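The values are calculated or read from the model by the stated rules, or taken from the named source; none is laboratory data. As the structure is a prediction and not an experimental result, all values here were calculated from the model. All Cβ positions, even for glycine, are placed from backbone atoms using ideal geometry, and neighbour counts span all protein chains on display. We work out accessible area using only protein heavy atoms, side chains counted, and drop any ligands, DNA or RNA first. Shrake-Rupley method; radii C 1.70, N 1.55, O 1.52, S 1.80 Å.
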Amino acid sequence: MDQLTQTVLDAHGGVERWNALHGIEISGSALGPLWTRKGYHEVFKDISISIDCHRQFVSFNPFIETGARSLCTPDETVIESASGAKSVRANPRDAFNGQSFTSAWDPLHLAYFSGYAMWNYLATPFFFTWDGVTTHEMEPWNEHGKTWRRLVVNFPPDIAAHCQEQTFYVDERGYIMRVDYTSEITNSGPIAHYMWDHANIDGIVFPRKRRSLARLEDGAPDVTRVFVEISLVDIQLHKKIV
């Protein structure tokens, strides 16, 4: 493991503390023009999400309507209605083939994209230690008078992510402040995704605020083009039952 990866893991609470967890539950909001463009204006104004810390599983409960919930892995997306009826999509990423930036989504599209994205955000940086994930440090970046170290992370195909190579920006505390990626399935182009308002929750550090912006050719963010803004209100950690 390279030195910067270890610094980031330690700053966010350490692998040992993370491995003692079973899951995480959060409440908050995820708003922005992306959801409106896809036909779901303010659908995530008040959300409740749970993730598994040791496999890529995420559930929104409720999902779109009271009594319904989503259950997502990279291989399958399920929506259960209040009556217990199920909508199921295997190989959910394939359903985005041929879509454009302005294509509307059905509820299973929404559940898959929102699910894997939120899992990635909540499980960062601890899944950097998983099999098949590789990391290396590149040259630093200067932004608004601050110097951030940069960590390039390559994802294996079995982890659902915005794209397989992403660049994480790390401040002097070891906190991740920004990540650059291309959102392949939304066709929205290069993204600069910022994080701030970090909170220590029982030893694990999470950013409570996030904003994704378009990224210009020189790497600077386009502050006039906001896609998503996320605000976490409550974060609950659930430990393993020994």
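When residues of segment 80-100 are filtered for being in contact with a helix residue (DSSP H, G or I) (Cβ under 9 Å, 6 or more places away or on another chain), open to solvent by 50 Å² or more (accessible area, probe 1.4 Å) and more than 24 Å from residue 65 (Cα to Cα), how many remain?
The number of residues fulfilling the criteria is 0.
Mind checking which residues of segment 59-79 are open to solvent by 50 Å² or more (accessible area, probe 1.4 Å) and of a type in the set (S, T, N, Q)?
As a first pass, look at segment 59-79 and keep what is open to solvent by 50 Å² or more (accessible area, probe 1.4 Å): 61-62, 64-66, 69, 75-76.
Within segment 59-79, 61, 66 meet the criteria.
Quick one: what pairs do we get from segment 35-51, first residue of a type in the set (D, E, K, R), second surrounded by 15 or more Cβ atoms within 10 Å (Cβ to Cβ) and outside any loop (DSSP other than H, G, I, E, B), C-beta under 7 Å, 6+ apart or different chains?
Matching pairs, first to second residue: 38/110; 42/31; 45/29; 45/31; 46/29.
For segment 137-151, give me the residue count where each residue is closer than 18 Å to residue 12 by Cβ, free of Cβ contacts under 8 Å to residues at least 40 places away in the same chain and of a type outside the set (D, E, K, R).
Count: 1.
If you go through segment 123-150 one residue at a time, how many are among the acidic types (Asp, Glu) and within 23 Å of residue 20 (Cα to Cα)? Spell out the reasoning first.
Restricting attention to segment 123-150, the residues satisfying the condition of being among the acidic types (Asp, Glu) are 131, 137, 139, 143.
If we keep only those that are within 23 Å of residue 20 (Cα to Cα) as well, we get 131.
Number satisfying all stated conditions: 1.
Show the residue pairs that are 6+ apart or on different chains and have beta-carbon atoms under 8 Å apart, the first residue being within segment 157-184 and on the phi > 0 side of the Ramachandran plot, the second being at pLDDT 95 or above.
174/7; 174/8; 174/10; 174/11; 174/12
So which pairs qualify, if the first residue must be in segment 1-19 and closer than 11 Å to residue 126 by Cβ and touching a residue at least 24 places away in the same chain (Cβ under 8 Å), the second must be of a type in the set (A, V, I, L, M) and open to solvent by less than 10 Å² (accessible area, probe 1.4 Å), the Cβ gap must be under 6 Å, and the two must be at least 6 apart or on different chains?
Matching pairs, first to second residue: 8/170; 12/205; 13/204; 13/205; 15/9.
Considering only segment 20-58, state which residues are open to solvent by less than 30 Å² (accessible area, probe 1.4 Å) and part of a strand (DSSP E or B).
The answer is 21, 23, 24, 26, 28, 29, 30, 47, 49, 51, 52, 58.
Restricting attention to segment 188-224, report how many residues are open to solvent by 70 Å² or more (accessible area, probe 1.4 Å) and out of contact with any Ser or Thr (no Cβ under 9 Å at 6 or more places or on another chain).
9
Exactly one condition in (1) surrounded by 12 or more Cβ atoms within 10 Å (Cβ to Cβ); (2) in a strand (DSSP E or B); (3) in contact with a Pro (Cβ under 7 Å, 6 or more places away or on another chain) is false for residue 230; which is it?
(3)
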